[in-house]
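To start, the structure itself, in structure tokens.
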Protein chains: 2
Amino acid sequence: MENIYEKNAKVFKAFCDPNRLMIIEMLQSGEKCACKILEDLNIVQSTLSHHMKILCESGLVGSHHAGKWTHYSLNKEGCEKAKNLLTEITTLNKKCENKKGWVTPDENGNA
Amino acid sequence: MENIYEKNAKVFKAFCDPNRLMIIEMLQSGEKCACKILEDLNIVQSTLSHHMKILCESGLVGSHHAGKWTHYSLNKEGCEKAKNLLTEITTLNKKCENKKGWVTPDENGNA
DNA sequence: ATAACATATCGATGTAAATAGATATGAGGT
DNA sequence: ACCTCATATCTATTTACATCGATATGTTAT
């Protein structure tokens with residue numbers, strides 16, 4: 001079983017690796033096959049396959065097979081979800097915003 | 001030395017841990033001191049300190065000392081930067097968008 | 001000065017994740 | 001049927017990270 005924090009953390013793990021960020025950048029210019037991506041990275045094929053699996057499972061990237069090739073592309077919905085999640089996480093709750101900018105020990109309930 | 005991909009990956013690493021996501025959520029309702037955060041998490045004090053360091057170094061969280069206490073709060077600019085980064089990374093480059101939805105082996109330069 | 005408290009840092013340990021090599025699967029071409 | 005190529009999976013290894021206990025630093029109260 002997995003709580004919401006663990007689930008959300010997994011989404012960001014997809015973005016946590018420099019190689020995966022490079023892959024995502026390559027896909028910004030359109031769909032690419034694995035062999036093309038592999039050319040531009042300093043990793044072996046099995047490592048790329050591992051990263052592509054993580055990107056696909058995170059929903060950020062989609063794939064389809066065409067004969068021998070597997071083509072990868074950015075998945076719009078997956079990317080939107082990630083952006084919405086980040087916004088949700090980083091947005092200050094207006095109602096609770098503290099005008100002073102900090103809480104006092106008293107308000108904290110500490111001493 | 002660190003390239004842009006490694007640098008960006010670090011930003012997302014701040015979001016990669018369930019405990020850090022919980023901390024960020026707590027800070028949405030305003031500034032909190034470490035001891036208050038510690039109460040709500042199942043970790044020891046040294047572990048919290050480690051997470052706060054990562055959050056501060058990522059720029060997502062700011063801190064200020066008030067006597068014995070250290071107060072933490074979400075840093076607006078840092079959060080904006082993270083959101084902008086994610087948008088930049090996940091946005092399809094319109095000019096290069098492929099109408100067919102995939103590239104052919106020929107266009108790839110492969111066979 | 002010393003005691004009590006809040007937080008940071010250090011050192012060790014367990015666990016997860018990245019990587020590579022070897023092998024398997026599956027599609028085309030001959 | 002066999003060979004080649006593209007990708008996936010398996011296994012082992014190394015590296016990175018989360019966690020904790022112990023200790024250090026710095027603050028306030030007595």
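Can you give me the Kirkwood hydrodynamic radius for segment B:4-92, using every pair of distinct Cα atoms, in Å to one decimal?
When all Cα pairs of segment B:4-92 are included, the Kirkwood radius is 13.6 Å.
Need one value for A:23-33: mean number of C-beta atoms belonging to other chains within 10 Å of its residues' C-beta atoms.
If you average over the peptide's residues, the count of other-chain Cβ atoms is 5.
If you average the alpha carbon positions of segment A:2-51 and of segment B:1-74, how far apart do those two centres end up, in angstrom?
Answer, in whole Å: 26.
7 Å along Cα→Cβ for the label point: how many nanometres lie between B:Lys68 and each equivalent label in the other copies, listed shortest first?
List, nearest first: 7.1 nm.
Would you mind listing the distances between the A:Lys81 label point and the same position in each other copy? Use 7 Å along Cα-to-C-beta, nm, one decimal, shortest first.
Spelled out, the distances from A:Lys81's label point are 2.9 nm.
Assume the label is 7 Å from Cα along Cα to beta carbon: what separations in nm does B:Ser49 have to the matching positions in the other copies?
Distances to the matching label points in the other copies: 4.6 nm.
Bear in mind that the values in this text are calculations on the coordinates, not laboratory data. If you're wondering where the values come from, they're calculated on a predicted model, not measured in any experiment. Ideal geometry is used to build each Cβ from the backbone, glycine not excepted, and the neighbour counts take in all protein chains shown.
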